[in-house]
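One structure is given below, encoded as structure tokens.
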Amino acid sequence: MHNILDRIISLNHAWKIARDDFGAKNNITTALRRQKASWQASLLRYYPDAAYFKQDEDNVDGEVLLSVRLSTPININGSLKKDAEHMPLRIAEELFTPEELKKLFR
């Protein structure tokens, strides 16, 4: 599970840099965001007891974001992680069936 979390975190950082450097609609930016979401989906599917969705109530601007939460915090590079970054609801709806989504929320 640590390897998946490392990849998600790295892709999230790369995606943010690409978004700032090339813009949100750039092909590289979009590909990085999709790859991050794919790894998040893998985390949620392969470790259903260790990860789940929680809607980000703090994000009031823009689209609905879901936090990919960890049931137990994990030490990654000396930092205690409680989540595996965010995923827009619209992407979650593309990657999961309605039944899967329902089961993933806590």
What number of residues within the range 72-87 are under 16 Å from residue 59 (Cβ atoms), open to solvent by 20 Å² or more (accessible area, probe 1.4 Å) and in contact with a Leu (Cβ under 7 Å, 6 or more places away or on another chain)?
-> 2
Determine the pairs where a residue that is closer than 15 Å to residue 39 by Cα and among the polar types (S, T, N, Q), located within the range 49-69, has a partner that is modelled with pLDDT under 95 and part of a loop (DSSP other than H, G, I, E, B) with Cβ atoms under 9 Å apart, the partner being 6 or more residues away or on another chain.
-> 67/56
How many of the residues making up the range 90-102 are more than 14 Å from residue 66 (Cα to Cα) and surrounded by 14 or more Cβ atoms within 10 Å (Cβ to Cβ)?
-> 1
Among the residues of the range 12-34, how many are over 10 Å from the mean Cα position of the chain (by Cα) and within 27 Å of residue 72 (Cβ to Cβ)?
-> 4
Among the residues of the range 49-65, the number that are open to solvent by less than 70 Å² (accessible area, probe 1.4 Å) and within 22 Å of residue 3 (Cβ to Cβ) is 4
Is there any pair linking a residue in the range 83-97 that is without any contact (Cβ under 8 Å) to a residue 60 or more places away in the chain to one that is among the polar types (S, T, N, Q) and open to solvent by less than 30 Å² (accessible area, probe 1.4 Å), with Cβ under 8 Å and at least six apart or on different chains, and which?
-> 83/67; 86/67; 87/40
Flagged pairs (Cβ under 7 angstrom, 6 or more apart or on separate chains; first in the range 4-16, basic (Lys, Arg); second assigned to a helix (DSSP H, G or I) and open to solvent by 40 Å² or more (accessible area, probe 1.4 Å)) are 7/39
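The values are calculated or read from the model by the stated rules, or taken from the named source; none is laboratory data. Note that the coordinates shown come from a computational prediction; the quantities given were computed from them, not determined experimentally. Glycine also receives a Cβ, built like all others from the backbone with ideal geometry; neighbour counts cover every protein chain displayed. For accessibility, only protein heavy atoms count, side chains too; no ligands or nucleic acids. Shrake-Rupley method; radii C 1.70, N 1.55, O 1.52, S 1.80 Å.
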